[in-house]
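J.: Submitted below is the structure of interest, expressed as structure tokens.
The values are calculated or read from the model by the stated rules, or taken from the named source; none is laboratory data. All values derive from a computational prediction rather than experimental measurement. Quick reminder, even Gly has a Cβ in these numbers, built from the backbone with ideal geometry, and neighbours come from all protein chains shown. These accessible areas exclude ligands, DNA and RNA; they are computed on the full protein's heavy atoms, side chains included. Shrake-Rupley method; radii C 1.70, N 1.55, O 1.52, S 1.80 Å.
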Amino acid sequence: MEQKRLNVAIICGGDSGEYEISVKSGKVVMQHLNREKYRAFLLIVRGSDWQVMLDDGNGLPVNKDDFSIRVDGSHVRFDVVFNAIHGTPGEDGKILGYFDMLRIPYTSSSHLVSAFTFHKNSCKQLVRSTGVALADSVLIRKGQQADFEGIAQRLGLPLFVKPNSNGSSVGVTKVNAVSQLPEAIAKALADDDEALVETYIPGREIGCGVFEYKGRKIVFPLTEIISKKEFFDYEAKYSPGMSDEITPADVDEKTEIEIKATASELYSHLGCRGIVRFDFILTSSKIYFLEVNTVPGISQASIIPQQAKVMGISLESLFEMAVDNAFFKPV
Ligand SMILES: Nc1ncnc2c1ncn2[C@@H]1O[C@H](COP(=O)(O)OP(=O)(O)O)[C@@H](O)[C@H]1O
Ligand SMILES: [Mg+2]
């Protein structure tokens, strides 16, 4: 008898500037999920409008009472969620609270871990307790009076200003003079209620994927990101040719071991689940934690697929492992 296939909802889209990228990630998962094991559906989330995209291009509304759809007269309830929403409401955990309430497993970190890791300042506070190096920073809330001179004096120049909860470098500015600070903060606050101002860390940017699969940690090869822009901004991230991503990164063995060990330790310390990417800045003396992406890009050109390829893991295997792992409960 044919084994019942699991209904997998690949959620993508979302309500941030990363919508398009997320839909690309979702489509890549859709293409590579094993059809013998899974019945996969591409589910695009936009506000309260949740639709499953059918092959003919039509959309089917999702019934949120039990997270199901009606296809060809039959009731299909999703068994598991592949979270491919970068930004809100996927990567920040909002939608995961709903899946928790319905007891539907998902591939990414928990609701709580997603929420605090997406909040860059909260995440930094937790990372600080491990002794890993971090850029000094100040959090500015909307409506709060900021002492621009005082900030520049305390943190030095240049500075990086970014929305505290966002991704893909949307709203991020490098500030070289105090006079540019008010505008950069206003730009970050256009995307978020809080802006994070950080000391600029000059160095090499290195990404490292980590995935704990059924209790065993897999640390991916390192990738160095060399931006052709002043930093790894939105254009450098998504326009072909605007950045070079080198996997495995050309770093000495000692540094490689240290970065991988740091990524692995932070994964456990923060309580991550699923496939996660840690970003660091490597200076001549230290490894600085930049940020963690709990729903990293997984389109063909993204860093995690490049790292998996170098490891000899196909996207088919990687995504199958991710779905499988969503059901794993440590004892
Ligand atoms: N403190 C910093 N020092 C140097 N470069 C930085 C710093 N903060 C951010 N950047 C640059 O800006 C990019 C985006 O910042 P990041 O914190 O990763 O935000 P996002 O979540 O939008 O990716 C980084 O990839 C890096 O190139
Ligand atoms: Mg980043």
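J.: Considering only residues of the range 298-318 that are in a loop (DSSP other than H, G, I, E, B) and of a type in the set (Val, Ile, Thr), which is farthest from Ile225 (Cα to Cα)?
T.: Checking each candidate, the answer is Ile313.
J.: Could I ask something else about it? Only one of Val219, Val210, Val197 is assigned to a strand (DSSP E or B), closer than 30 Å to Gln125 by Cβ and within 12 Å of ligand 1 (Cβ to nearest atom); which?
T.: Val197
J.: If you don't mind, another one. Give me the pairs, please: first residue somewhere in the range 168-186 and assigned by TED's automatic domain parsing to the domain that holds Gly150 and more than 16 Å from ligand 2 (Cβ to nearest atom), second residue anywhere and open to solvent by 40 Å² or more (accessible area, probe 1.4 Å) and not basic (Lys, Arg), beta-carbon distance under 8 Å, and either six or more positions apart or on two chains.
T.: Pairs that qualify, where the first residue is assigned by TED's automatic domain parsing to the domain that holds Gly150 and more than 16 Å from ligand 2 (Cβ to nearest atom) and the partner is open to solvent by 40 Å² or more (accessible area, probe 1.4 Å) and not basic (Lys, Arg), are Val175/Leu157; Asn176/Leu157; Ala177/Leu157; Val178/Phe148; Val178/Glu149; Val178/Leu157; Leu181/Phe148; Pro182/Phe148.
J.: Condition first: assigned to a strand (DSSP E or B), surrounded by fewer than 19 Cβ atoms within 10 Å (Cβ to Cβ) and at pLDDT 95 or above. Can you find one or more residues in the range 14-32 that meet it?
T.: no
J.: Contact list please: Cβ distance under 8 Å, first residue in the range 33-55 and over 17 Å from Phe82 (Cβ atoms) and in contact (Cβ under 8 Å) with a residue 12 or more places away in the chain, second residue assigned to a loop (DSSP other than H, G, I, E, B) and of a type outside the set (Gly, Ala, Ser), pairs at least six apart or on different chains.
T.: Between residues of the range 33-55 that are over 17 Å from Phe82 (Cβ atoms) and in contact (Cβ under 8 Å) with a residue 12 or more places away in the chain and residues that are assigned to a loop (DSSP other than H, G, I, E, B) and of a type outside the set (Gly, Ala, Ser), the close pairs are Arg46/Asp15; Gly47/Asp15.
J.: Scan the range 1-13 for residues that are among the hydrophobic types (A, V, I, L, M, F, W, C) and at pLDDT 95 or above and jot them down.
T.: Leu6, Val8, Ala9, Ile10, Ile11, Cys12, listed by residue number.
J.: If you don't mind, there's one more thing I want to ask. Restricting to the range 292-318, and then to whatever is within 21 Å of Glu91 (Cα to Cα) and surrounded by fewer than 18 Cβ atoms within 10 Å (Cβ to Cβ), can you tell me which residue is farthest from ligand 1 (Cβ to nearest atom)?
T.: Of everything passing the filter in the range 292-318, Gln300 is farthest from ligand 1 (Cβ to nearest atom).
J.: How many of the residues in the range 223-235 are in contact (Cβ under 8 Å) with a residue 60 or more places away in the chain and open to solvent by less than 70 Å² (accessible area, probe 1.4 Å)?
T.: Residues that pass the stated criteria total 5.
J.: Which pairs do you get when a residue that is within 17 Å of Pro163 (Cα to Cα), found in the range 135-152, comes within reach of a residue that is within 16 Å of ligand 2 (Cβ to nearest atom) and part of a loop (DSSP other than H, G, I, E, B), reach meaning Cβ atoms under 7 angstrom, with the pair 6+ apart or on two chains?
T.: Within 7 Å, the pairs are Ala135/Ile201; Leu139/Asn164.
J.: Restricting the search to the range 95-110, which residues are assigned to a helix (DSSP H, G or I) and either without any contact (Cβ under 8 Å) to a residue 12 or more places away in the chain or surrounded by fewer than 17 Cβ atoms within 10 Å (Cβ to Cβ) (or both)?
T.: Those that are assigned to a helix (DSSP H, G or I) and either without any contact (Cβ under 8 Å) to a residue 12 or more places away in the chain or surrounded by fewer than 17 Cβ atoms within 10 Å (Cβ to Cβ) (or both): Gly97, Tyr98, Asp100, Met101, Leu102.
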